[in-house]
Amino acid sequence: MGFEMCSNKNKLSFSILLGMITALLFTACDGGKSDYNPANEKVTGESIAELTLPPNVPAPIDPHRAATKLIVNMEVLEKEGKMTDGVTYTYWTFGGSVPGQFIRVREGDEVEFHLKNHPDNKFAHNIDLHAVTGQGGGAAASFTAPGHETVFSFKAINPGLYVYHCATAPVGMHIANGMYGLILVEPKGGLPKVDREYYVMQGDFYTAGRNGEAGHQPFDMDKALAENPDYVVFNGSVGAIAGDNALTAKVGETVRLYVGNGGPNLVSSFHVIGEIFDDVYIEGGDMKNHNVQTTLIPAGGAAIVDFKVDVPGTFILVDHSIFRAFNKGALGMLKVTGDENKTIFSGQMEDKVYMAEGGRSLTLPSAKGSTEQLAGSKAERIKMGENVYKNLCQACHQPDGKGMKGVFPPLAKSDYFANDPNKAISAIVHGLSGKITVNGEVFNSAMPAQSLSDEEVANVVTFLLNNFGNKGGEVSPDQVKKVRSSGTVDKGGH
Amino acid sequence: MIRLHYILISIFLLVGCSVLLSEPPSKIEWISIPSGEFYPFFADTVKPITIDGFFISSTQITNSQFLRFVKSNPKWRRSKIKTIFAESSYLHYWESDTTLGINAPPNAPVVAVSWFAASAYCTWVGGRLPDMSEWEYVASASKNKKNAYNDESFSSTLLRMYEKLPKIPLPNVGEKFKNYYGVYDMHGLVWEWTRDFNSVIVSTDSREKTNQDGKLFCAAGSIGNVDPSNYSAFVRYSMWSSLQAKFCLRNLGFRCVKDI
């Protein structure tokens, strides 16, 4: 009987122990996370939110900070600014900059949003923050006439990186003039720590004049409708984050870019030349991709990219729809300083001569359509020579024979071969490099030898002699043959 | 002899007093706008509406004209006006209740006046504020063409004028944009009050479809307006729908109309 009682007691304590273990297992599996709902988190305290001008962001939020009430004071300013050298544009801005000031809050925070429309502004404005769950993202509640201030409040119930923009009619024009920015809603506990954080936002601009046309440029409605921008830039103007305004980092640091795309129209293929994104928070949400070269950022969307910089250099930020980068301004810079790492990147190790088989360097393929038709007369020779010129020579020496200053010597009224057409023949069959003087101007370049037949050379030199203000004359295929075998007439280098 | 003098002096005084007590000549030049057909921007159908003929003031009402009004009507002076009729920025750029000062050139348009004050002035001169359709009807005229609203170049020109709207102290009226009717500055100087300014866009979010009013509601892509690419019209209509009757804005003035 004593034994039975003992075993019962043991069974009981065992069951309790089992129950406790099971309970623990359940809570461990749960992790406590699914209990957290930012929509229900109560806020404590109240303070003014720190806003920053691009390319800077406010400091990361203390991971232990409870949800709080933040007051955001955002002023709309219409102001004239520089798009690029010699070109000004009337920007409509949140907080005086394009993109507008960066807002940083935490999920669970309550934001009291004050939108102030400066009394000197001409237009009514409002704001739609993509972080807001509610009518119009706040647009209806924040519709503000000049000289007025509106207030509304929202709770940040989803973490992520969100665009905000003006939504007053005509919406496309308000956005096209620069009324966009980013608001970061940090998850509870914050994002992984990095050494540097920067704020970059792409936008497309539509001006009456073409890219680079000087003066004050008004907004062009037709181009905006056709989605044909003149400028595609980071942070509101050409060179806003390049040259002296480049972003900076040191070798070994981790860099995070909060990248937005205000549009209004274009999608961005965001890439940093010479770097690979270690982490990409796709579309500014929770999902992370790794080892990404180029990430798509939708118009009205954003992404967060993290990468470690391992070697020094200037790393170019681009929209890889490449004509936008090199011809419309979608180009920024990240300058990284520090020690080299030759294993990761050596730089150029050597540059040596490469000789194709046959021993002749600097040759180009022969002119198109070289049927060996013989010229019957000087006039015919000139006509056939004209075809050679058009197909081969005019690309450099130009259709008017005037060449290009400092690069390609003129053939028009040329004193180079005026007294000795053999010099022209020699340049064509042997090539010509080194310093020469033509019509008083010094050229120091290299013309490749051309693979033309004797007939073709005779034709084109005769054409030259009788055009472009030159004195006239005729050259025969035999003459060409002679020059070919006797070598370069003018060795250059004078 | 003395009696004659007394009579003469009395007559003189009587005439003088009647001149002083009656409404001073307003010096408003009224331009006749003949009746006609017009396609308002917010039309439900593509049918035009008929606008009856009316007179419109050739320019916006100026600081000096409004000064005469407040001198005769003290309850519309800055220090005396009821807050229900105008917010605190009413005539803030004037030097005092009855003096203009350097920020208010006499011939510049009067601004920072509420809809109530503007309406009262127009009543005082025997008229009223224009309806939106009347205002737009006159505003659709370019320099040489009666109705230039369908001209893309006109809409672009207007957008560019809006980008350059001047700041206080404002330039004089009647010196810049003169349209086909001979009416000045319908564009390019200040925004203007209308009698029914808030009747069209009910929603303050320019993208949503309203339930109450099926007319204009949206930016490009809306189906309630005739021409979604007419950005200059959107800009004006947005401006009007952001206002409340007691607002006093630095770039908002008015002109008056008179029925025939």
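Given the criteria aromatic (Phe, Trp, Tyr), touching a residue at least 40 places away in the same chain (Cβ under 8 Å) and either in a loop (DSSP other than H, G, I, E, B) or in contact with a Leu (Cβ under 8 Å, 6 or more places away or on another chain) (or both), does residue A:315 qualify? For residue A:315, the condition - aromatic (Phe, Trp, Tyr), touching a residue at least 40 places away in the same chain (Cβ under 8 Å) and either in a loop (DSSP other than H, G, I, E, B) or in contact with a Leu (Cβ under 8 Å, 6 or more places away or on another chain) (or both) - is met.
For segment A:212-233, the candidate set comprises residues that are among the aliphatic types (A, V, I, L, M) and surrounded by fewer than 19 Cβ atoms within 10 Å (Cβ to Cβ); within that set, the residue that is farthest from the other protein chains (Cβ to nearest Cβ) is A:214. Under the condition of being facing chain B (nearest Cβ under 7 Å), crowded, with 23+ Cβ neighbours inside 10 Å and either in a loop (DSSP other than H, G, I, E, B) or modelled with pLDDT of 95 or more (or both), the residues counted in segment A:145-172 number 6. When each of A:131, A:139 is tested for being more than 9 Å from chain B (Cβ to nearest Cβ), at negative phi and not aromatic (Phe, Trp, Tyr), the lone residue that passes is A:131. When you check residue B:113 against the structure, is it under 15 Å from residue B:62 (Cα atoms) and under 14 Å from the mean Cα position of the chain (by Cα), yes or no? Judged against the criteria, residue B:113 is a match. Tallying residues that are closer than 19 Å to residue A:198 by Cβ, of a type in the set (D, E, K, R) and touching a Gly at 6+ places or on another chain (Cβ under 9 Å) within segment A:284-313 yields 2. Of all residues in segment B:99-127, count the ones that are in contact with a Cys (Cβ under 7 Å, 6 or more places away or on another chain) and either surrounded by fewer than 18 Cβ atoms within 10 Å (Cβ to Cβ) or of a type in the set (Gly, Ala, Ser) (or both). Residues meeting the conditions: 3. Residue count for segment A:284-338 under the criterion of being closer than 20 Å to residue A:83 by Cα and β-branched (Val, Ile, Thr): the result is 3. Can you find a residue that is facing another protein chain (nearest Cβ under 10 Å), at pLDDT below 80, under 22 Å from the mean Cα position of the chain (by Cα) and surrounded by 16 or more Cβ atoms within 10 Å (Cβ to Cβ) anywhere in segment B:197-209? Checked segment B:197-209: at least one residue is facing another protein chain (nearest Cβ under 10 Å), at pLDDT below 80, under 22 Å from the mean Cα position of the chain (by Cα) and surrounded by 16 or more Cβ atoms within 10 Å (Cβ to Cβ). With B:176, B:164, B:145 as the choices, which residue is surrounded by fewer than 22 Cβ atoms within 10 Å (Cβ to Cβ) and within 14 Å of chain A (Cβ to nearest Cβ)? Just a single option satisfies the conditions, and that option is B:164.
Being in contact with a Pro (Cβ under 6 Å, 6 or more places away or on another chain), of a type outside the set (Val, Ile, Thr) and at pLDDT 80 or above is a property that does not hold for residue A:60. Of the residues examined, residue A:119 is one that is surrounded by fewer than 23 Cβ atoms within 10 Å (Cβ to Cβ) and touching a Pro at 6+ places or on another chain (Cβ under 7 Å).
Residue A:181 meets each of the listed conditions (1) more than 12 Å from chain B (Cβ to nearest Cβ); (2) in contact with a His (Cβ under 9 Å, 6 or more places away or on another chain); (3) without any contact (Cβ under 8 Å) to a residue 60 or more places away in the chain apart from (3). If you go through segment B:69-125 and keep only what is part of a loop (DSSP other than H, G, I, E, B), touching a Lys or Arg at 6+ places or on another chain (Cβ under 9 Å) and among the basic types (Lys, Arg), you end up with B:77, B:82.
The values are calculated or read from the model by the stated rules, or taken from the named source; none is laboratory data. This structure is a prediction, so every number in the text was calculated from the model and none was measured. Glycine also receives a Cβ, built like all others from the backbone with ideal geometry; neighbour counts cover every protein chain displayed.
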